[in-house]
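Quick notes on the structure that follows.
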Amino acid sequence: MTIENARHAIEAAIHSGDFKGMGVAVFKAINALEERIKRLEEEVERLKVK
């Protein structure tokens with residue numbers, strides 16, 4: 001799930017009052033952010049080598 005998709009899922013859950021769905025969406029958002037951070041850290045390491 002992309003960060004943008006996770007944001008939309010969280011917003012939809014908030015508007016519908018679906019707290020379980022909100023929890024799942026937040027969890028997926030955290031995973032997406034962790035993956036993005038990992039990719040950025042790898043990119044920084046590659047740039048340091050150059």
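Over the chain, what is the relative contact order in percent, taking alpha-carbon pairs closer than 8 angstrom and at least six residues apart? Walk me through the numbers before you get to the answer.
Values: 26 pairs, mean separation 19.4, N = 50.
Relative contact order for the chain comes out at 39 percent.
Taking the Cα atoms of the chain, what is the range of coordinates along each of the three principal axes, in descending order and whole Å?
Dimensions of the chain along the principal axes of its Cα atoms: 49, 14, 11 Å.
Determine how large the accessible area of Val24 is when every protein chain is in place; take a 1.4 Å probe and give Å² rounded to the nearest 10.
70 Å²
Would you calculate, for the chain, the mean residue ellipticity at 222 nm contributed by helices, counting each DSSP H stretch of 4 or more residues as -39,500 (n - 2.57) and dividing by all residues, to the nearest 500?
Result for the chain, helices only: -31500 deg cm²/dmol.
The values are calculated or read from the model by the stated rules, or taken from the named source; none is laboratory data. These numbers were taken from a predicted model, which means no experiment stands behind them. Keep in mind that these areas ignore ligands, DNA and RNA; they rest on the heavy atoms of the full protein, side chains included. Shrake-Rupley method; radii C 1.70, N 1.55, O 1.52, S 1.80 Å.
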